[in-house]
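Just so it is clear, none of the values below were taken in a lab; they were calculated from the coordinates. Remember, predicted model here, so these are calculated numbers, not experimental data. In this analysis, Cβ positions are derived from the backbone assuming ideal geometry, glycine residues included, and neighbour counts consider all displayed protein chains.
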Amino acid sequence: MPELPEVETVRRGLETVMLGARLSQIDQRRPDLRFPFPERFAERLTGRTVETLRRRAKYLIADLDGAESLVMHLGMSGSFRIERAANAQRPFSEAEAAAKDPAHDHVVFGLSSGARIVYNDPRRFGFMLLIPSQDLATHPLLRSAGIEPLSDAFDGAALAKLVGTKRTSLKAALLDQKLIAGLGNIYACEALHRAALSPRRAAMSLTRKNGSPSVHAMRLAHAIRAVLEEAIAAGGSSLRDHRTTDGGLGYFQHNFRVYDRAGSSCARCGGTIERMTQSGRATFYCGGCQR
Ligand SMILES: [Zn+2]
């Protein structure tokens, strides 16, 4: 499942070719993904210009002229690849060719520039919707999305206000998409380690008695931002088949400090990374330095 850094990486890749481009030809190859495509999907997109390409939570939002927005979600295994006109002659590596199984290419966006953007999704949990732009903020998918952790509004005080009022573990509160948008299991584990806070700690420990943020809230907010920004800088990271959007295979090389590293030693204190289950999800942490 892609987390915020993966989606943001895809957004940045797509933006280089989609921004300001006109959608000249849409090839929709099946009636549905996770949900049916919107009625007359190809017809409604053809001729439209992409005015902005944004991300909200894990949704990619292409605002089109004509006051509609194309909302896209990658699901479990969705990816985009860009085929620039000049790429047509470039020989694919064997691995690249294998990954481009055309049976899973479900939508092809032809752009006025001659480039093509191909949406591939073997498991088909992704989806695409067309929503009037003015309705986005109140749409059921988006209206309850929490704060964007990379926005200016996100800091220790905001974190304490949102998470520090919940009667759950800190880890569980961090995964609540209605509190913080797009932070998933991998980066929640990494941020808690970075901030040296135990995932078992009460979420309320982020707030002091007078309601102000604790020093832990300040440290954790900083850590969340840091792990996300580093992952985006590294091109995102994922355990699944995620390709970068530049046309090549993009298995991101990212070194997690605790995630999926049970049994190895902590880079900070030399302790052993442990694994436990919280709310049905695996939590990785260092028992030595996370308090
Ligand atoms: Zn440690």
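Below, the figures for the structure above:
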| quantity | calculated |
| --- | --- |
| Length released on extending from residue 16 to residue 165, taking residue separation times 0.36 nm less the Cα-Cα span | 49.6 nm |
| Assigned charges on the beta-carbon of Lys, Arg, Asp, Glu; the chain dipole about Cα centre (debye) | 1240 |
| Sum of side-chain charges, residue 212 neighbourhood, beta-carbon under 15 Å (Lys, Arg +1; Asp, Glu -1) | +3 |
| Over the chain: helical MRE at 222 nm, DSSP H runs n ≥ 4 each giving -39500 (n - 2.57), nearest 500 | -7000 deg cm²/dmol |
| Where labels lie 7 Å past Cα in the beta-carbon direction, separation of residue 155 and residue 1 in nm | 3.1 |
| Chain lengthening between residue 279 and residue 264 when straightened (0.36 nm per residue, less Cα-Cα) | 3.0 nm |
| Mean Kyte hydropathy of 0.0 or more with a Cα span along the axis of at least 24 Å, helices from DSSP in the chain | 215-233 |
| Length gained when the stretch residue 131-residue 212 is fully extended (0.36 nm per residue, less Cα-Cα span) | 25.3 nm |
| Simple spin-label estimate for residue 30 and residue 85 in nanometres, 7 Å along Cα-Cβ | 3.1 |
